[in-house]
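Visitor: Quick one: the structure is below, questions incoming.
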Amino acid sequence: MKKTMTSNRTAFAGLFSAIVASLCCITPVLALLSGTAGVASTFSWVEPYRPILVGLTVLILGFAWYQKLKPRPQDIDCACDDDKPKFIQSKKFLFLVTIFAGITLAFPYYSHLFYPNSNVEKQIVYVSESNVSEVNYSIEGMTCAGCEAHIENEVNKLEGILEVDANYETSKAFIKFDNSKVNTNEIEAAVGKTGYKIIE
């Protein structure tokens, strides 16, 4: 019984480290869903520690599986081994925790799917080529495709935006807009609403 409790604690520790490892990418999606865009970059500081947390998750869950699968010593006098373990103490539960941890760790690779593709849906007609302007911003705090999608989604809400392309790998955002309908101050304010910071 003690071994099972230790295995459960280990499984929950693995799940917790998986969630912490992906907080930098889960937070922007939660911010979008809750309508609190400004908290999107709150956990971007976790990103540099992500490889360590991913490794820690794998080690912890590996240890939990080792504890669950290693042969148990036979105690002849103990009748407690005949009792069926509760679901939370079973291999099925540990399997579900492992799958959920894997999905959580992979979140940065599919988080952008939670955002509408506003570049495709938005159709803008502008009067003159002379009104078209472009800006490139360096943005601090982007850590995954979800961060890119969060910025693109917020900027695309402005009237007169023709194209937005944010890239977390380069920490840049390229924005093409109709300067007769929107200006750079409004664009910068929209980026600021997401919680990410434009670097001067």
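The values are calculated or read from the model by the stated rules, or taken from the named source; none is laboratory data. Owing to the predicted nature of the structure, the values given are computational and were not obtained by experimental measurement. Cβ: placed from backbone, ideal geometry, glycine included. Neighbour counts: every protein chain shown.
Visitor: I'm checking my understanding of the structure. Among residues of segment 136-154 that are more than 18 Å from Ser111 (Cβ to Cβ) and either touching a Cys at 6+ places or on another chain (Cβ under 6 Å) or modelled with pLDDT of 90 or more (or both), which one is surrounded by the fewest Cβ atoms within 10 Å (Cβ to Cβ)?
Guide: Let us first name the residues in segment 136-154 that are more than 18 Å from Ser111 (Cβ to Cβ), namely 136-138, 140.
Applying the additional criterion that residues be either touching a Cys at 6+ places or on another chain (Cβ under 6 Å) or modelled with pLDDT of 90 or more (or both) yields 136-138.
Values: Asn136: 10, Tyr137: 21, Ser138: 12.
The residue in question is Asn136.
Visitor: Being farther than 20 Å from Phe114 by Cα, of a type outside the set (Lys, Arg) and not in a loop (DSSP other than H, G, I, E, B) is the filter here; which residues of segment 150-180 pass it?
Guide: Hits for segment 150-180 are Ile161, Leu162, Phe174, Ile175, Phe177, Asp178.
Visitor: Further question on the same structure: Quick one: which of Ser128, Ser133, Ser118 is among the hydroxyl-bearing types (Ser, Thr, Tyr), surrounded by fewer than 20 Cβ atoms within 10 Å (Cβ to Cβ) and modelled with pLDDT of 85 or more?
Guide: On the way: Ser128 fails: modelled with pLDDT of 85 or more; Ser118 fails: modelled with pLDDT of 85 or more.
That would be Ser133, the only listed residue that is among the hydroxyl-bearing types (Ser, Thr, Tyr), surrounded by fewer than 20 Cβ atoms within 10 Å (Cβ to Cβ) and modelled with pLDDT of 85 or more.
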